[in-house]
Amino acid sequence: MSTFQKKIYEHISKELGFDFGISEHQTFNLKDIAELVRQAKESETPYTILTGAGCSQSAGIPLAGELVKEMNQKFGVQLRNLSEKDRSNYNKCMNALTHQERRRLLQNHIKNANIN
């Protein structure tokens, strides 16, 4: 666990009053997270759940860079008004697609994802 991650845990622990019992290999499963959210909700404490790209990647969902390549291959017509630089920008590419096109892009990846 990085120093930054430890500081985040310390901040969350202090703000929410949770004792995470931080260790070098601290992990939370879905049941743990659900319990922490339940406790925060019960005590009317605001909460936010942050996940990183590793969550998606370990489930088999491509990272943003890979999705950008796929968008350029599958949706070239939709992206043609973007500059060359913007065609490598995940947010710009996603915004150039319709809701249905974004769903089509991600649907198979999500369908074939492995549960972490």
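The values are calculated or read from the model by the stated rules, or taken from the named source; none is laboratory data. From a predicted model like this one, the values you see are computed outputs, not experimental measurements. Here the Cβ positions follow ideal geometry from the backbone for every residue, glycine too, while neighbour counts run over all protein chains shown.
A compact table of results
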| quantity | calculated |
| --- | --- |
| Flag if I61 is β-branched (V, I, T), at pLDDT 80 or above and part of a helix (DSSP H, G or I) | no |
| Pairs with Cβ under 8 Å, 6+ apart, first in the range 88-99 and more than 10 Å from K69 (Cα to Cα), second exposed (fewer than 14 other Cβ atoms within 10 Å of the Cβ) | A96/N81 |
| Residue check for V68: part of a helix (DSSP H, G or I) and in contact with a Ser or Thr (Cβ under 8 Å, 6 or more places away or on another chain) | yes |
| Among (1) touching a residue at least 40 places away in the same chain (Cβ under 8 Å); (2) surrounded by 14 or more Cβ atoms within 10 Å (Cβ to Cβ); (3) polar (S, T, N, Q), the one test that N114 misses | (2) |
| Any chance E84 is part of a helix (DSSP H, G or I) and not assigned by TED's automatic domain parsing to the domain that holds I33 | no |
| Number of positions in the range 64-91 that are touching a Phe, Trp or Tyr at 6+ places or on another chain (Cβ under 9 Å) and either surrounded by 12 or more Cβ atoms within 10 Å (Cβ to Cβ) or within 17 Å of N112 (Cα to Cα) (or both) | 4 |
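Here's the yes/no breakdown for (1) small (G, A, S); (2) at pLDDT 85 or above:
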| residue | (1), (2) |
| --- | --- |
| P46 | no, no |
| L50 | no, no |
| C55 | no, no |
| E70 | no, yes |
| L79 | no, yes |
| K85 | no, yes |
| S88 | yes, yes |
| N91 | no, yes |
